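Reading through the structure tokens given below for one structure.
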Amino acid sequence: MRGLSARDIGSGSGRIRAAGTTAMAVAAAVGLLTVGCSTGGTGTRDEGAARTDQGSPSTAPSPTSSSSSPIKKVDAVHLIMSDPKVSDQVKDDLKPCAENAYPVDTSYGNLTDSGSPDVVVNVLTCGDAVGVGTYVYRAQDKTYENVFSVEEPAVYSAIDRGDLVVTKQVYDKGDPVAYPSGEDVITYRWAGTKFTEHDRVHNDYSKAVGDGGIDGPAEPAPSAPGEN
């Protein structure tokens with residue numbers, strides 16, 4: 001599967017230097033450098049004002065002091081299994097890939113302004129890690145309410161700076177599961193009592209790169225939950 005695009009490439013620094021310096025200016029610069037590095041120079045020339053700008057260790061902020069509280073983790077598998085809005089097909093297919101290792105991804109963040117972190121749960125297949133269901137749970141008192149769900153292959157949700165970003169892989173007939181033809185990236189925002197679509201982007205993938213255009217048998221595209 002193709003993942004979501006990553007975010008940010010920095011630019012290189014400029015390397016412009018001034019021209020036309022004389023031999024005397026060069027000699028003067030070397031002389032200043034020699035004085036600055038000398039152990040016999042004055043305090044201000046050796047260190048400058050940097051020494052007075054630095055806080056003493058006793059006044060520096062403690063790295064352990066923080067006003068934020070740790071996020072309360074949830075049992076994502078229990079949320080899915082006890083949720084009546086989750087289809088029986090997803091529940092039946094949700095089994096450990098290894099001992100006590102379920103194919104679920106869980107994210108915590110502010111999506112609905114409830115005052116507590118919202119929980120995004122993605123249910124995957126074991127073999128190919130194809131998303132078959134994605135859900136958002138909003139904290140309600142001491143319980144969690146399902147306020148968003150999509151069950152189809154291949155779907156995956158993420159929290160991006162307060163927005164819910166849902167990626168749906170698009171398969172044409174004959175596409176192998178690892179090489180969809182494209183993707184829809186849909187951004188949702190919370191509006192009062194529900195998520196509303198804010199933005200949608202469609203990307204088509206090239207078949208001429210990687211292994212997407214290889215000949216021969218390939219595993220077929222995944223079917224929706226409940227389809228056989």
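The values are calculated or read from the model by the stated rules, or taken from the named source; none is laboratory data. Predicted model only: the values in this text are computed from it and were never measured. All Cβ positions, glycine included, derive from the backbone under ideal geometry; neighbour counts span all protein chains shown. Note: areas computed on protein heavy atoms with side chains; ligands, DNA, RNA excluded. Shrake-Rupley method; radii C 1.70, N 1.55, O 1.52, S 1.80 Å.
Would you call Ala139 out of contact with any Leu (no Cβ under 8 Å at 6 or more places or on another chain), of a type in the set (A, V, I, L, M, F, W, C) and not in a loop (DSSP other than H, G, I, E, B)?
Judged against the criteria, Ala139 is a match.
Kindly evaluate Thr196 against the criterion of being at pLDDT 95 or above, of a type in the set (S, T, N, Q) and open to solvent by less than 20 Å² (accessible area, probe 1.4 Å).
Considered against the rule, which asks whether it is at pLDDT 95 or above, of a type in the set (S, T, N, Q) and open to solvent by less than 20 Å² (accessible area, probe 1.4 Å), Thr196 comes out as no.
Is it true that some residue in segment 145-168 is modelled with pLDDT under 90, open to solvent by 40 Å² or more (accessible area, probe 1.4 Å) and in a strand (DSSP E or B)?
No.
So, in segment 72-127, how many residues would count as being open to solvent by 80 Å² or more (accessible area, probe 1.4 Å), of a type in the set (Asp, Glu) and within 26 Å of Ala178 (Cβ to Cβ)?
Qualifying residue count, segment 72-127: 2.
How many of the residues in segment 89-119 are closer than 21 Å to Val166 by Cβ, out of contact with any helix residue (DSSP H, G or I) (no Cβ under 8 Å at 6 or more places or on another chain) and either hydrophobic (A, V, I, L, M, F, W, C) or part of a loop (DSSP other than H, G, I, E, B) (or both)?
7
Which pairs have Cβ atoms under 7 Å, sit 6 or more apart or on different chains, and link a residue in segment 144-155 that is farther than 15 Å from Leu79 by Cβ and free of Cβ contacts under 8 Å to residues at least 40 places away in the same chain to one that is open to solvent by 20 Å² or more (accessible area, probe 1.4 Å) and outside any loop (DSSP other than H, G, I, E, B)?
The qualifying pairs are Val155/Lys168.
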